[in-house]
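Single-structure report; data block below.
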Amino acid sequence: MFEYFLRRLAGTIPVLLAVSVFVFAFVHMLPGDPARMVAGQDASYEQVENVRKELLLDRPLWEQYLRYLNQMAHLELGRSIKTHEPVLTLIGQRFMPTLWLTVVSMIWAVIAGVGLGVLSGVWRGGVADRLAAGGAILGISFPSFWLGLLLMDLFSVRLGWLPTGGYGTWAHFVMPAFTLGSAVAAVMARFTRSAYIEVAGEDYVRTARSKGVPERTVIWTHTLRNALIPVITLTGLQFGFLLGGAIVVETVFAWPGLGRLLIDSVSFRDYPVIQAEILLFAVEFVLINLIVDLLYGMVNPEIRLK
Amino acid sequence: MTTTNIRSPGREFWRRFRRQHVAMVSLAVIIILVAAAFLAPWIAPYSQTTPDYDALLEGPSWAHWAGTDSYGRDILSRMIWGGQVSLTVGFLSVILGCVVGVALGIISGFFGGWIDGLIMRVIDVMLAFPGILPAIAVVAILGPGLVNVIYAIALSAVPVFARLVRGTTLALKETLYVQASRSIGVSRTKLMLRHILPGTLPAVIVYASLRMGTSILTAAALSFIGLGAQPPSPEWGAMLSDGRSYLGVADHITIFPGLAILITVLAFNLFGDGLRDALDQKLR
């Protein structure tokens, strides 16, 4: 297990490095002169040149990159062009709301998705199965921002039960988490169903049933346990989808998270913030995948040995 | 002499596809949507951009089937024009992403070795940016606007196609007919284009159809958050963003464009599912 852990950890290093190269290159891919961008449109020639020196943009690229890596390692992310606050502070303020939103959404998605998936797997072809199949394709096709607006219209504007947006109490979580988690729930339901059906067709399940093991034990112990292993992987992968989806849902519900910070920064062309956020999202995603792989290795010894 | 009834693969596929009623209905919906988008200049009852200050925020009526927006513009007309925008963006981005992805996938799978390693590492890195994020990064570099949205969405489709095609290519490379062609000295370019590419197409077409749904959804999302189509251009996501300010006052602004997105995306997803089921034998 330890060796597997090390190997998997080592595997992520090239990806992280490549991601850092991309995010570093980001500023150099922008149209126009980055020094002028930081200095501002009205800056004089001297000011621009000073910024260039200050940001070491006059040094060779590889030196800039190494410097950039070093800064990242020390969490020196620069300052926002818009507010002049350190980017780390800005991101720090927004980090927890987004984390909580994705976690609560994921809990909802797992409960609804796995629940529906198992129900439709157990009663294949039944009413629950048909409803779940319809719900799943609908969930995948439903624009999250539209779902958010419809919920807001009904529960906030018309009924006045829930706040239209913002962050604070549990009531603020209900609609954003439902909106964000539903698409994932749909994917999970489809996947769980097919995983369940696959395992239910295995020889050992048939054997268990034929030797008279109670149906409940067959479903819970023999089938579900094994069917849920691939679901763990999917849950992890869907976290990435949630992070991406949070960008849109946060905009709908005025959620003070990383997603809205990113959108505001893109509109304002606040490049230090954009750069830091893209790096953060990618690193988070790579780390989540790593954790998923490790969990997977724990529950499925076959993977470890490969 | 007995005659045996042998169907061509195309006819066999159509026979199986036709039996799937949901997919057939989806195909009909897609045809109607495409036709409406093309015929927009003739069938849209009103101008898409000219304001009418005598008809602000009107609900659905005989004059305006889907009501009017905050500038008095007819929502149905804007939805028809918006369909043109959404379908064009979806189609172009899928085609672009598909061509680049398929090319990378075939090259990667066919040559193997360091070329494969290099291409797959790049793909891994692209996949490290979750969901809508790569699209936002591209828009951040190129600036907001529909053309850039096409590039952005195309880019995020590339890894999916590349991985899919690489896998098929690896399998096809070992088949007898490819080995035979290779042994009689068929050039590598011709092997890839004439012998391997056609074999990858069924899976690619299924993915492309499913990807149309995703792309249209992503484009609408980008426009909704203000990074895609710019006003007064009628785009479904952008129209929804307008509607947000009038929830409870003029719900129709929010309801109709959203319905248009849902129906379109649903149609492409169900159509793709149907294609996959009809092609299933070849895919597995």
A:S156 is checked against (1) within 14 Å of chain B (Cβ to nearest Cβ); (2) touching a residue at least 40 places away in the same chain (Cβ under 8 Å); (3) hydroxyl-bearing (S, T, Y) and fails just one. What number does that condition carry?
-> (2)
The number of residues in the stretch B:225-234 that are at pLDDT 80 or above and either within 8 Å of another protein chain (Cβ to nearest Cβ) or under 21 Å from A:D264 (Cβ atoms) (or both) is 6
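Across the stretch B:197-222, what is the number of residues that are over 8 Å from the mean Cα position of the chain (by Cα) and touching a residue at least 24 places away in the same chain (Cβ under 8 Å)?
The qualifying residues number 15.
Return the total of residues in the stretch A:94-107 being within 30 Å of A:I197 (Cβ to Cβ) and buried (at least 20 other Cβ atoms within 10 Å of the Cβ). Before the answer, list the steps.
At the first step, the residues of the stretch A:94-107 found to be within 30 Å of A:I197 (Cβ to Cβ) are A:102-107.
Next, only the ones that are buried (at least 20 other Cβ atoms within 10 Å of the Cβ) stay: A:102, A:105-106.
Residues in the stretch A:94-107 being within 30 Å of A:I197 (Cβ to Cβ) and buried (at least 20 other Cβ atoms within 10 Å of the Cβ): 3 in total.
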Here are B:S156, B:S77: which of them is of a type outside the set (F, W, Y) and within 27 Å of A:A276 (Cβ to Cβ)?
-> B:S156
Would you mind stating whether B:I255 is among the β-branched types (V, I, T), assigned to a helix (DSSP H, G or I), touching a residue at least 24 places away in the same chain (Cβ under 8 Å) and at the interface with chain A (Cβ under 10 Å from one of its Cβ atoms)?
-> no
Count of residues meeting criterion [surrounded by fewer than 19 Cβ atoms within 10 Å (Cβ to Cβ) and either among the hydrophobic types (A, V, I, L, M, F, W, C) or touching an Asp or Glu at 6+ places or on another chain (Cβ under 6 Å) (or both)] in the stretch B:165-190 = 6
If you scan the stretch B:48-76, which residues turn out to be farther than 20 Å from B:G248 by Cβ and in contact with a helix residue (DSSP H, G or I) (Cβ under 8 Å, 6 or more places away or on another chain)?
-> B:Q48, B:W65, B:L76
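Just need a number here: residues in the stretch B:143-169 that are more than 14 Å from B:L96 (Cβ to Cβ) and of a type outside the set (K, R). Please lay out each step first, then the result.
First pass over the stretch B:143-169, keeping only residues more than 14 Å from B:L96 (Cβ to Cβ): B:143-145, B:163-169.
Now narrow it down to the ones that are of a type outside the set (K, R): B:143-145, B:164-165, B:167-169.
Residues in the stretch B:143-169 being more than 14 Å from B:L96 (Cβ to Cβ) and of a type outside the set (K, R): 8 in total.
Just to verify a result, which residue in the stretch A:201-248, among those that are facing chain B (nearest Cβ under 10 Å) and not small (G, A, S), is farthest from the chain's Cα centre (by Cα)? Even if it seems obvious, please write down each step before you answer.
So the first thing to find is which residues in the stretch A:201-248 are facing chain B (nearest Cβ under 10 Å), and the list is A:237-248.
Restricting the remaining residues to those that are not small (G, A, S) gives A:237-239, A:241-243, A:247-248.
Numbers: A:L237: 8, A:Q238: 7, A:F239: 4, A:F241: 5, A:L242: 4, A:L243: 3, A:I247: 10, A:V248: 12 Å.
Only one residue tops the list, namely A:V248.
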From the residues in the stretch B:258-282 that are within 17 Å of the chain's Cα centre (by Cα) and of a type in the set (D, E, K, R), which one is farthest from the other protein chains (Cβ to nearest Cβ)?
-> B:R276
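So, of the residues in the stretch B:270-284 that are part of a helix (DSSP H, G or I) and free of Cβ contacts under 8 Å to residues at least 60 places away in the same chain, which turns out to be farthest from B:V34 (Cα to Cα)? Give the steps one after another, and end with the answer.
Of the stretch B:270-284, the ones part of a helix (DSSP H, G or I) are B:270-283.
Now drop any that are not free of Cβ contacts under 8 Å to residues at least 60 places away in the same chain, which leaves B:280-281.
Working: B:D280: 27, B:Q281: 30 Å.
Ranking the qualifying residues of the stretch B:270-284, first place goes to B:Q281.
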Of B:I263, B:I225, the only residue that is buried (at least 24 other Cβ atoms within 10 Å of the Cβ) and either under 29 Å from A:E250 (Cα atoms) or of a type in the set (V, I, T) (or both) is B:I225
Only residues that are over 30 Å from A:Y296 (Cβ atoms) and either surrounded by fewer than 18 Cβ atoms within 10 Å (Cβ to Cβ) or acidic (D, E) (or both): list them for the stretch A:1-25, please.
-> A:A25
Test set (1) crowded, with 24+ Cβ neighbours inside 10 Å; (2) in contact (Cβ under 8 Å) with a residue 24 or more places away in the chain; (3) in contact with a Leu (Cβ under 7 Å, 6 or more places away or on another chain) - B:T68 fails condition number = (2)
Checked against (1) in contact with a helix residue (DSSP H, G or I) (Cβ under 6 Å, 6 or more places away or on another chain); (2) more than 25 Å from A:L237 (Cβ to Cβ); (3) of a type outside the set (S, T, Y); (4) surrounded by 18 or more Cβ atoms within 10 Å (Cβ to Cβ), B:P144 satisfies every condition except (1)
On the given criteria, is A:T192 more than 14 Å from chain B (Cβ to nearest Cβ), assigned to a helix (DSSP H, G or I) and either touching a Leu at 6+ places or on another chain (Cβ under 6 Å) or over 20 Å from A:G117 (Cβ atoms) (or both)?
-> no
Report, ordered by the first and then the second residue, all pairs with beta carbons closer than 7 Å, sequence separation of six or more or different chains, a first member in the stretch A:1-30 that is at the interface with chain B (Cβ under 9 Å from one of its Cβ atoms), and a second member that is outside any helix (DSSP H, G or I) and at pLDDT below 80.
-> A:V15/B:A128; A:V19/B:A128
Away from chain A (no Cβ under 14 Å) and either within 30 Å of A:R158 (Cβ to Cβ) or part of a helix (DSSP H, G or I) (or both) - does that describe any residue in the stretch B:207-218?
-> yes
Top-ranked residue of the stretch B:235-244 - restricted to ones that are out of contact with any Pro (no Cβ under 7 Å at 6 or more places or on another chain) and more than 9 Å from every other protein chain (Cβ to nearest Cβ), ranked as modelled with the highest pLDDT | B:E235
Say we look at the stretch A:261-276 and pick out the residues that are more than 12 Å from A:V27 (Cα to Cα) and either of a type in the set (A, V, I, L, M) or more than 9 Å from chain B (Cβ to nearest Cβ) (or both); which of these is surrounded by the most Cβ atoms within 10 Å (Cβ to Cβ)?
-> A:L262
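Within the stretch A:267-279, is even one residue charged (D, E, K, R) and more than 15 Å from A:F95 (Cβ to Cβ)? Talk me through it step by step, then tell me what you get.
Initial filter on the stretch A:267-279 (charged (D, E, K, R)): A:269-270, A:277.
Those still in the list that are more than 15 Å from A:F95 (Cβ to Cβ) too: A:269-270.
Yes, the stretch A:267-279 contains at least one residue that is charged (D, E, K, R) and more than 15 Å from A:F95 (Cβ to Cβ).
The values are calculated or read from the model by the stated rules, or taken from the named source; none is laboratory data. Remember, predicted model here, so these are calculated numbers, not experimental data. Note that we place each Cβ from the backbone using ideal geometry, even for glycine, and neighbour counts take in every protein chain shown.
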